[in-house]
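The values are calculated or read from the model by the stated rules, or taken from the named source; none is laboratory data. It should be emphasised that the depicted structure is a prediction, and the values quoted were computed from it without experimental measurement. Note: ideal-geometry Cβ built from the backbone for every residue, glycine included; neighbour counts use all protein chains shown. Quick note on the areas: whole protein, heavy atoms, side chains included, nothing else; ligands and nucleic acids left out. Shrake-Rupley method; radii C 1.70, N 1.55, O 1.52, S 1.80 Å.
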Amino acid sequence: MTIAKVEVERFSLTCSKPFDAVVAALKSAVGQPDMVGFFKATRAANSFSDLERVVQNGLGRTGLMLFAEFDLGAILRRETGTETPKSMRLLVGNPLIMKEMVKHVPDAGSYAPVTVLVDERLDGVHVSYDKMESCLLPYGSLEALAVARDLDAKITTLLRECAR
């Protein structure tokens, strides 16, 4: 058994834009394929180029897609009532980017697709993301870190755009 400590850098910004507008901006920037159909098509791909086509068809203008969303606030409101702030966890990524990291660091599969958290707080709407480079830094792979840096730039640019 091995236990490793991973120090994570969290990118977070606060905006005055309404929660629903931030979530809508995020969703409009990423592809939203029907995930059942997407995974069926990826399994049916007969070659890597076929697989790439399936993935490319699922991506949005940012080169990313939405894998899943979890309305954390809706769960909290069941207990605390309608005044509970909104909170949404979005799993966002690109299987081709993930593949490039996993080739060099298998544990990268634990971190991809990435989580984007959008939540209401007293000081505004927070948009947060744990930077992939910080997750992979302990593994020491320069190749994986280069891919992670590119992914971090893509995600942080997206979050800045959605918060404006």
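Details
- Dividing the alpha-carbon radius of gyration of the range 116-164 by the rule-of-thumb value 2.2 N^0.38 Å gives 1.36.
- If you bin all the Cα-Cα distances of the range 46-124 at 5 Å, starting from zero, the percentages per bin are 3, 14, 17, 17, 16, 11, 9, 8, 4, 2, 0.
- Which listed pairs, of LYS27/LYS131; LYS5/LYS27; LYS40/LYS131; LYS17/LYS131; LYS17/LYS154; LYS40/LYS86, have C-alpha distances above 27 Å, in listed order: LYS5/LYS27; LYS40/LYS131; LYS40/LYS86
- Inter-label distance for VAL36 and ILE3, nm, one decimal - labels placed 7 Å from Cα along Cα-to-Cβ: 4.1 nm
- Computed on the chain, the Cα convex hull volume stands at 145 Å³ per residue.
- Annotation: per residue accessible area for the range 6-164 equals 54 Å², rounded to a whole number [probe 1.4 Å, protein chains only].
- The phi-based Karplus calculation (6.51 cos²θ - 1.76 cosθ + 1.60; θ = phi - 60°) puts the 3J(HN,Hα) values of the range 110-116 at 6, 10, 10, x, 8, 9, 10 Hz, whole numbers, x for Gly and Pro.
- Accessible area ranking (1.4 Å probe, heavy atoms, ligands and nucleic acids excluded), largest first, for PHE39, PHE67: PHE39, PHE67.
- Convex hull per residue volume in Å³, alpha carbons only, for the range 1-61: 194 Å³
- Cα centroid of the range 116-164 to Cα centroid of the range 43-65, whole Å: 22 Å
- Largest mean-square fluctuation among ALA146, ALA44, ALA68, in a Gaussian network model of the chain whose springs join Cα atoms under 10 Å apart, belongs to ALA44.
- Shown for the chain: the carbon plus sulfur share of the solvent-accessible area, taken with all protein chains present and a 1.4 angstrom probe, equals 54%.
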